[in-house]
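The values are calculated or read from the model by the stated rules, or taken from the named source; none is laboratory data. Quick caveat, the model's predicted, so the values are computed rather than measured. For neighbour counting, all protein chains shown are included, and Cβ atoms are generated from backbone atoms with ideal geometry for every residue, glycine included.
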Amino acid sequence: MMPHAQKAAIFNKDEARTDWHDASLWMVRKKRDFAVSEIPEWEFIREFASDIKMHTLSKLDDYLEAFEKAAIQNGAIVHWAADAKEHNDIVLSILNKHQAKKMVKSKSMLTEECHLNEFLELHEIEVIDSDLGERIIQMLNEPPSHIVLPAIHLKKEEIGELFHRELHTEKGATDPQYLTEAARHHLREKFHTAQVALTGVNFGIAETGEVVVCTNEGNADMGVHLTPVQIHSMGIEKLIPRRSDLAVFTRLLARSATGQPVTVFTSHHRNPKPAGEMHIILVDNGRTEQLGKPDFRSSLKCIRCGACMNTCPIYRRSGGHSYETTIPGPIGSILTPGIDLKKHGQLPFASTLCGSCTDVCPVKIDIHTQLYKWRQIVSEAGLPEAGNKTMMSIMGNGLASPSFFHRLGNIGRKLLRLFPGKERFLSFTVWTKDRDLPKAPVESFREWYAKQAKDAQ
Amino acid sequence: MPSKETILTKIKSNRPNLWPLPDVPIFETLATDKKKLFIQILERGGSKVHCIDDSTQIHQVITTHFPEDKRMVSALPFLEGIERISTLHPDFYEGTEVAIIEGLIGVAENGALWVTENELGYVRVLPFIAQHLVMVISEKNIVGTMHEAYKKLGLPTTAGFGVFIAGPSKTADIEQSLVIGAQGARSLLVILTP
């Protein structure tokens, strides 16, 4: 796997495109700021959201059982999946039971995590992602580059080209209105002919057994209400205790995600439609493992709004695909090292630790602190991604010893004076690749101070 | 061991110490005129709002906004001359130009209207499948915030499906350009009755 820094370097080669990507996401961040400013009690509800989630995690087993009981009473069928494979097998068994060959799916990061599409396609099931952005990247055979804006990395010209090929839109057409209309007609047909619909879940309510799905396009509801069988795939951390807790989370989610006051549709599914079937799959896939790590368990509070991505200077200028994880950006970089430290251990270093992610997080996950803590673990594990180890140990020793530091400073200043204009001579370290070194001062502070002391005598 | 037991056992050994569940206060809006805010937020989100003095005017409002020769389906019991909900088969409603339904609660802070399957005659797909959506709501049922809305809703008793609808369906998946009319209704007209 190519490290994030290398992938980011490739992304950065097209400077105009990098700037465009950066600006698109910053615009979303600014919309978020405006939406947040409309709620005077924002900081209080963030705190409540954090506490509700922490409370749920501290009694997750009880709440899962309560949720299952209520859901069964409602007439839903509840399944438990320990890992991705079991989840996928359950979905396939439901499809097989109904001899279904076609399934519409609305946005679900969990099914991305489980690689459900690839699995079902191997079993000759046609899966149609029904969210516009997801459909676009599905046609391109790419993973989403953002959890809320899956096709944010694509230009309308590229989408126009794709739709011309796949949906026979006019050649060269790039108008988003026109392209969306073409997708609307294409997807309508799919909604009517699919036999099963699968959705992700934003919130599961323990006291009522309901699953709540938040969308803007209406695609999740079109699928669920038009097909006889509905499946809701839900990570076990999506639970909240009370229905009234939704007030807190619906106020936070869309404002943080896109700057809307609420998603267009907030659907509460409690029981199957007449003569229909409703399945809920509760998925672990590493979540209980994360729950056992005191430093990192609060990452399970995440409600998948994407605000940390939109604000992250690294994400904005490296793109979601550079992370090579299901969930990119700051939150992904604290969720994924726990799954495979060797593979994802470099991600906690894809950050400036500026803390902006923590500031915008609606459920107050201390993301940048956890990034820092993962770095310690990665370094202790001796992984090569842990920065420049030699340099770090020279710096470590140098900063710990006053005399060594003094000598190091002298050498450094001399070198800088000997090679004026060649500030980037330290090409062996990435730090100077895009940064100019400062002009060397004539003397160090220590030398200046010693002189002052002499003059005063 | 079945996965349910595996998962629950792992949670028991890995969960943190009990964290208290907070009592969340019912935050109210600071806006003095909830109706005005409701209309303002709806319009900002791309919806139209039409206020009337008497519910007998609903029919007339609908015909001024939509041509009468298109298929209209009403879930309201009292609209003369408009097709009513008949079958529960969802595909039957494809081709509906305008669906007319009732909203039970309106939320001023975000322009969301609550409706359950009871008001939809159990045709859950109706608000989504129609090309255009009309929602009728009494201004008496406007609350300030989502906290007030969920307080009013309480726990579900009969309805198996309920949804907050806050405007026409929309997307910005192509270069962040807002397009109204994604997979669901292309427009939302809210008729406010006294």
Which condition number in (1) in a loop (DSSP other than H, G, I, E, B); (2) in contact with a strand residue (DSSP E or B) (Cβ under 8 Å, 6 or more places away or on another chain) is the one that residue A:142 fails?
(2)
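For every residue, the table says whether it meets (1) crowded, with 21+ Cβ neighbours inside 10 Å; (2) at the interface with chain B (Cβ under 9 Å from one of its Cβ atoms); (3) at pLDDT below 95.
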{"site": "A:1", "(1), (2), (3)": "no, no, yes"}
{"site": "A:5", "(1), (2), (3)": "no, no, yes"}
{"site": "A:14", "(1), (2), (3)": "no, no, no"}
{"site": "A:22", "(1), (2), (3)": "no, no, no"}
{"site": "A:36", "(1), (2), (3)": "no, no, no"}
{"site": "A:47", "(1), (2), (3)": "no, yes, no"}
{"site": "A:55", "(1), (2), (3)": "no, yes, no"}
{"site": "A:65", "(1), (2), (3)": "no, yes, no"}
{"site": "A:74", "(1), (2), (3)": "no, yes, no"}
In the stretch B:130-177, the residues that are without any contact (Cβ under 8 Å) to a residue 40 or more places away in the chain and either hydroxyl-bearing (Ser, Thr, Tyr) or more than 7 Å from every other protein chain (Cβ to nearest Cβ) (or both)
B:141, B:150, B:154, B:157, B:171, B:172, B:177
Just one of (1) at pLDDT 95 or above; (2) closer than 30 Å to residue A:242 by Cα; (3) outside any strand (DSSP E or B) trips up residue B:174, so point out which.
(2)
Just to be sure I understand, how many residues within the stretch B:16-33 are more than 8 Å from chain A (Cβ to nearest Cβ), under 29 Å from residue A:50 (Cα atoms) and either in contact with a strand residue (DSSP E or B) (Cβ under 8 Å, 6 or more places away or on another chain) or at pLDDT 95 or above (or both)?
4
Can you confirm whether the stretch A:85-96 contains a residue that is in contact with a helix residue (DSSP H, G or I) (Cβ under 7 Å, 6 or more places away or on another chain) and of a type in the set (A, V, I, L, M, F, W, C)?
yes
Looking at the stretch A:82-130, what helices (runs of 4 or more DSSP H) fall wholly within it and have at least 3 residues that are touching a Ser or Thr at 6+ places or on another chain (Cβ under 8 Å)?
A:84-97, A:109-113
What about residue B:118, is it modelled with pLDDT of 95 or more, within 7 Å of chain A (Cβ to nearest Cβ) and either part of a loop (DSSP other than H, G, I, E, B) or touching a Pro at 6+ places or on another chain (Cβ under 6 Å) (or both)?
no
Is it the case that the stretch A:208-229 has a residue that's touching a helix residue (DSSP H, G or I) at 6+ places or on another chain (Cβ under 7 Å), more than 10 Å from every other protein chain (Cβ to nearest Cβ) and not small (Gly, Ala, Ser)?
yes
Can you tell me how many residues in the stretch B:46-65 are at pLDDT 95 or above and part of a loop (DSSP other than H, G, I, E, B)?
4
Residue in the stretch B:5-15 that is surrounded by 15 or more Cβ atoms within 10 Å (Cβ to Cβ) and either among the aromatic types (Phe, Trp, Tyr) or more than 7 Å from chain A (Cβ to nearest Cβ) (or both) present:
no
Assuming residue A:40 fulfils every condition listed in (1) assigned to a helix (DSSP H, G or I); (2) modelled with pLDDT of 95 or more apart from one, which condition is it?
(1)
Looking only at the stretch A:149-178, and only at residues there that are among the β-branched types (Val, Ile, Thr) and surrounded by fewer than 23 Cβ atoms within 10 Å (Cβ to Cβ), the one that is nearest to the other protein chains (Cβ to nearest Cβ)
A:174
Mind listing just one residue for me: the one in the stretch A:251-301 that is in contact with a strand residue (DSSP E or B) (Cβ under 8 Å, 6 or more places away or on another chain) and charged (D, E, K, R) and, of those, nearest to residue A:235 (Cα to Cα)?
A:284
Output the qualifying pairs, or none if there are none: Cβ atoms under 6 angstrom, residues six or more apart or on different chains, first residue in the stretch A:266-278 and in contact (Cβ under 8 Å) with a residue 40 or more places away in the chain and under 21 Å from residue A:250 (Cα atoms), second residue charged (D, E, K, R) and part of a loop (DSSP other than H, G, I, E, B).
none
Look through A:130, A:106, A:93 and report the one residue that is over 29 Å from residue A:309 (Cβ atoms) and of a type in the set (S, T, N, Q).
A:93
Looking only at the stretch A:89-136, and only at residues there that are more than 24 Å from residue A:215 (Cα to Cα) and within 14 Å of chain B (Cβ to nearest Cβ), the one that is surrounded by the most Cβ atoms within 10 Å (Cβ to Cβ):
A:90
Give A:281, A:334, A:339 a once-over and let me know the one that is surrounded by fewer than 24 Cβ atoms within 10 Å (Cβ to Cβ) and in contact (Cβ under 8 Å) with a residue 24 or more places away in the chain.
A:339
In the stretch B:122-141, anything touching a Leu at 6+ places or on another chain (Cβ under 8 Å) and either closer than 16 Å to residue B:93 by Cβ or small (Gly, Ala, Ser) (or both) is listed as B:122, B:123, B:125, B:126, B:127, B:129, B:132, B:133, B:134, B:138
